Amino acid sequence: MTNFKLEVNINLNGVAPIILSRGMTIQKTQSSPPDKLVASLERKLKELTVLYEISQLIGSSFDCREVFPNILKTFHSRLGMNRGTITLLNPVTGELEIRAAHGMTEEEIGRGKYLVGEGITGKVVETGEPMVVPQIGKEPLFLNRTQSRANLTKSDTSFICVPIKKGPNGLGALSVDRLFTEEIAFEEDVRLLSIVASMMAQGLKIQQMVQDEKNQLLSENITLKEKLRERYNLYNIVGTSHKMAEVFQMIERVADTEVTVLIRGESGTGKELVANAIHFNSSRASKLFLKLNCAALPDTLIESELFGHEKGAFTGATEQRMGRFERADGGTLFLDEIGTLNLTAQAKLLRVLQEREFERVGGNRTLRVNVRIIAATSKDLEKSIEEGTFREDLYYRLNVFPIFMPPLRERKTDILLLADHFVEKYNQKHKKDVRRISTPAIDMLMQYHWPGNVRELENCIERAGLFCTDRVIHSCHLPPTLQTGERSGTIPFLSFEDTLNNFEGELIIDALKNSRGNMAEAARLLKTTERVISYSIKKLQINPKSYRP
């Protein structure tokens, strides 16, 4: 017959508990009879089972405080430890507070508060060493602050407390009660509780890391939303002209309402910027703001993009997909170039505007949404209605609150403000150091008719900044559309002599600006003589006095 030897060894790196004994002795036997060996093996198997169950509990949730009560219940059911508490340090008050307990009422838990170093629990957290009270009735350090133990004089209860710590820092303590007998192996209890306390400390550490990451993401999310709100604030839309003042007034009136808005204007006038300003200055600012350019999608896909589709609704629909209306529920949906929608999609859109409900493509389940619609178009919708390409009833549903964006040629006073804004923007983007725009270049910007509106102006300034080498945007840096008289009607075809005179005049005017009309200083800036400057000023009919302060 083969003999097998089963050895179970749980080592805690030599942790030795402090056993507080008042007027008593604890006897230890020198030998272990077979029945005690069997009992010891059974206990160690129970301990392994307890450790396994507790590890499963800690790994089941990122919030350790949710599993703390179940850990104490496991001690009670598996090992007969009657009462247990998990006490953690409150970083705000500096007190130790009971965060989980077994065998105690809410009132008793509320009384369980200690200072570090106060009582057994406070001493354990302060020293970082486990402590054992064999008989709590004979230990004056045991405070019984919770008043959960009816009679301390019976001396039939032992109290075991181990620290929960992360490195040298104490996080709290784990404590249990058990019935006192002289055969209790306190060292084994301390070893098991210390292992569990170490697992709890790791769980708390992971929980703190997850919480820190969550707080960081939340902070970044709030920061991004604030930046978006700031970016699309009304006062970040550049313009001081009378027509733009009217636009600002319209935005302020409609932003914090549920009214459908139709933004009209030529391409490049800033309709999307106005839509952003309306959303981020409304009560829906914290919700999603989705955009869809109706002209960018073919008619076969526009309905699926707006309303979603069911699996198998058409070839290639391999799974169910949410549309923009579902995703924007509670927020705002911006439909750009609404005038290009086909008649079928217009009919479905009309139903959403009227009833706030729709069905996915290929589906029969009615979905209800709460979405604010902001639409924009550069087309003449009235003409489209006459031609039969746009529904008249949809037009009246969209045109509740129209906002007209003026073209740039009708807001000439905003051109220089916009140009300066774009210079600063692309200085940062392209790491340039453009300081100003020369007078002839300003004249060209002001005289051009800007068919592409603000978008064309932005592209011109970005291009000019890339060509700029002396921190000044000159007329030669502007694109050919502004240079050609046939396109702009501002610059006639010049002879070689006239071209040289124009460039010479531009240099002299810039020098006179810098010198505040002082011809001698202007000559030094241009590294020539005052006589040459005086001759050129007379030839080109430049008045230096106009540049004096």
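Some values worked out for this structure:
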| read-out | value |
| --- | --- |
| Residue that is in the same structural domain as residue 287 (by TED's automatic domain parsing), modelled with pLDDT of 85 or more and assigned to a helix (DSSP H, G or I), where the choices are 200, 250 | 250 |
| Region 61-76: number of residues that are modelled with pLDDT under 80 and either over 15 Å from residue 201 (Cα atoms) or assigned to a helix (DSSP H, G or I) (or both) | 3 |
| Positions within region 116-133 being without any contact (Cβ under 8 Å) to a residue 40 or more places away in the chain and either aromatic (Phe, Trp, Tyr) or touching a helix residue (DSSP H, G or I) at 6+ places or on another chain (Cβ under 6 Å) (or both), in sequence order | 117 |
| Within region 313-381, strands (runs of 3 or more DSSP E) holding 3 or more residues that are modelled with pLDDT under 95 and in the same structural domain as residue 288 (by TED's automatic domain parsing) | 357-359, 366-368 |
| Tally, over region 120-138, of residues that are touching a strand residue (DSSP E or B) at 6+ places or on another chain (Cβ under 6 Å), part of a helix (DSSP H, G or I) and modelled with pLDDT of 85 or more | 5 |
| Total residues in region 424-464, condition among the β-branched types (Val, Ile, Thr) and either touching a residue at least 60 places away in the same chain (Cβ under 8 Å) or in a helix (DSSP H, G or I) (or both) | 4 |
| Region 190-203 - residue that is touching a helix residue (DSSP H, G or I) at 6+ places or on another chain (Cβ under 8 Å) and crowded, with 21+ Cβ neighbours inside 10 Å and, of those, farthest from residue 121 (Cα to Cα) | 203 |
| Conditions (1) in contact with a strand residue (DSSP E or B) (Cβ under 9 Å, 6 or more places away or on another chain); (2) in a helix (DSSP H, G or I); (3) not assigned by TED's automatic domain parsing to the domain that holds residue 353; number of the one not met by residue 395 | (3) |
| Candidate set: region 535-549, residues that are of a type in the set (Ser, Thr, Tyr) and exposed (fewer than 15 other Cβ atoms within 10 Å of the Cβ); chosen: the one nearest to residue 502 (Cα to Cα) | 535 |
| Of the criteria (1) in a loop (DSSP other than H, G, I, E, B); (2) surrounded by 20 or more Cβ atoms within 10 Å (Cβ to Cβ), which one residue 164 fails | (1) |
| Contacts under 8 angstrom Cβ, first residue in region 95-107 being modelled with pLDDT of 85 or more, partner surrounded by fewer than 17 Cβ atoms within 10 Å (Cβ to Cβ) and among the hydrophobic types (A, V, I, L, M, F, W, C), 6 or more apart | 95/115; 96/115; 96/116 |
| Pairs with Cβ under 6 Å, 6+ apart, first in region 259-285 and under 11 Å from residue 374 (Cα atoms), second of a type in the set (D, E, K, R) | 263/271 |
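Yes/no per residue for (1) of a type in the set (Ser, Thr, Tyr); (2) surrounded by 17 or more Cβ atoms within 10 Å (Cβ to Cβ); (3) closer than 30 Å to residue 452 by Cα:
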site	(1), (2), (3)
271	no, yes, yes
279	no, yes, yes
301	no, no, yes
315	yes, no, no
323	no, yes, no
327	no, no, no
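The values are calculated or read from the model by the stated rules, or taken from the named source; none is laboratory data. Keep in mind that what you see is a predicted model, and the values were worked out from it rather than measured. Reconstructed Cβ throughout: ideal geometry from the backbone, glycine too, with neighbour counts over all protein chains shown.
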